[in-house]
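> Provided herewith is a single structure, encoded as structure tokens, for subsequent inquiry.
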Amino acid sequence: MSGEEDENAAELKIGDEFLKAKCLMNCEVSLILDRRYEQLQQMSDDPTNQVSQVFEKSLQYVKRFSRYKNPDAVRQVREILSRHKLAEFELCVLGNLCPETVEEALAMVPSIKTRGRTHEDEEIDKMLNDLSLIKKFE
Amino acid sequence: MFFHIVLERNMQLHPRHFGPNLRDKLVAKLMKDVEGTCSGRHGFVVAITGVDNIGKGLIRDGTGFVTFPVKYQCVVFRPFKGEILEAVVTMVNKMGFFAEAGPVQIFVSNHLIPDDMEFQSGDMPNYTTSDGSVCFGAWLPLALNFCIGTIKDDFLGVINDPGAAA
């Protein structure tokens with residue numbers, strides 16, 4: 001596809017379809033896949049037979065790399081990150097990687113500083129502090 | 001990165017499935033056909049979360065099969081160029097190492113590993129910095145269909161166990 005040569009997540013060039021789509025953090029995916037697995041367990045005796053390898057690997061991955069386990073905490077994280085003018089993709093990368101310093105955040109999501117939105121360093125710092133507070137009190 | 005998107009697909013159903021459970025049979029077939037597949041455009045379809053709409057069925061000329069347009073919601077995993085994500089190292093050799101992030105395999109060549117990390121062969125092959133402070137390695141078989149990654153940049157490389165970090 002012609003779009004793929006320009007693809008660059010660092011500049012938020014991920015195609016219209018995905019820019020407008022709902023992005024999910026690992027912790028949110030974990031809740032969804034858990035629910036699905038429970039449904040399968042209720043429907044049949046051996047759910048492991050029913051699920052694809054992709055599902056199993058994804059479930060293992062999101063369980064391991066979810067920073068927040070509590071559904072309320074997950075909701076709070078999304079709420080905090082949504083207060084700043086971030087694209088869904090940027091929001092989820094921050095929610096997944098939980099950078100501790102502004103420098104780290106900018107290295108992971110360079111597009112925050114570009115695209116004409118001015119995010120002051122203090123604003124980013126406050127946002128990262130709020131995130132780490134949720135983790136502490138989860 | 002995981003996304004929740006709406007996709008469309010034309011499902012073909014054999015007449016033997018027609019009856020009161022037509023919709024259930026259609027959804028079951030959809031799940032069997034689509035979950036676990038991968039496309040260049042949408043990435044890996046991990047799980048179908050719901051069916052939005054099933055359109056009117058069209059009988060195909062010459063056969064008794066009927067095609068239904070189905071709109072469904074699903075969770076997909078689509079990695080992007082330039083995206084930063086966490087992965088688990090699965091195999092290490094002197095050319096580099098393989099890692100897994102969910103359903104996707106990633107290969108990091110030794111050219112894209114910081115210069116101060118060197119390959120150590122042996123029972124448990126790994127990469128270690130010259131003063132022995134940082135080390136990673138693991139042991140699992142190879143697989144095909146992979147992406148290319150790098151750890152030669154700021155803040156990339158070994159992370160602590162998330163449970164241990166404060």
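> If you check A:Asn96, A:Asn49, A:Asn70, which single one turns out to be over 18 Å from A:Leu19 (Cβ atoms) and within 16 Å of the chain's Cα centre (by Cα)? Explain how you work it out, then say what you get.
On the way: A:Asn96 fails: over 18 Å from A:Leu19 (Cβ atoms); A:Asn49 fails: within 16 Å of the chain's Cα centre (by Cα).
Checking each option against the conditions leaves just A:Asn70.
> Looking at B:Val89 and the list (1) within 18 Å of the chain's Cα centre (by Cα); (2) within 11 Å of chain A (Cβ to nearest Cβ); (3) free of Cβ contacts under 8 Å to residues at least 60 places away in the same chain, which single condition is not satisfied?
(2)
> OK, next. Surrounded by 15 or more Cβ atoms within 10 Å (Cβ to Cβ) and at the interface with chain B (Cβ under 9 Å from one of its Cβ atoms): which single residue out of A:Glu17, A:Glu7, A:Glu11 fits that description? Show your work before the answer.
On the way: A:Glu17 fails: surrounded by 15 or more Cβ atoms within 10 Å (Cβ to Cβ); A:Glu11 fails: surrounded by 15 or more Cβ atoms within 10 Å (Cβ to Cβ).
Being surrounded by 15 or more Cβ atoms within 10 Å (Cβ to Cβ) and at the interface with chain B (Cβ under 9 Å from one of its Cβ atoms) holds for just one of A:Glu17, A:Glu7, A:Glu11, which is A:Glu7.
> Those residues that are open to solvent by 40 Å² or more (accessible area, probe 1.4 Å), in a strand (DSSP E or B) and within 14 Å of chain A (Cβ to nearest Cβ), I need them from region B:55-82; list them, please.
Within region B:55-82, just B:Gln73 meets the criteria.
> If a residue must be without any contact (Cβ under 8 Å) to a residue 24 or more places away in the chain, open to solvent by 60 Å² or more (accessible area, probe 1.4 Å), more than 18 Å from B:Gln73 (Cα to Cα) and not in a loop (DSSP other than H, G, I, E, B), how many such residues does region B:1-42 contain?
Residues flagged as without any contact (Cβ under 8 Å) to a residue 24 or more places away in the chain, open to solvent by 60 Å² or more (accessible area, probe 1.4 Å), more than 18 Å from B:Gln73 (Cα to Cα) and not in a loop (DSSP other than H, G, I, E, B) within region B:1-42 amount to 1.
The values are calculated or read from the model by the stated rules, or taken from the named source; none is laboratory data. Keep in mind that this is a model prediction, so the values were computed, not measured. Because the Cβ atoms are built from the backbone with ideal geometry, glycine has one as well, and the counts that use them run over all protein chains shown. Protein only, heavy atoms only, side chains kept; ligands, DNA and RNA dropped before computing areas. Shrake-Rupley method; radii C 1.70, N 1.55, O 1.52, S 1.80 Å.
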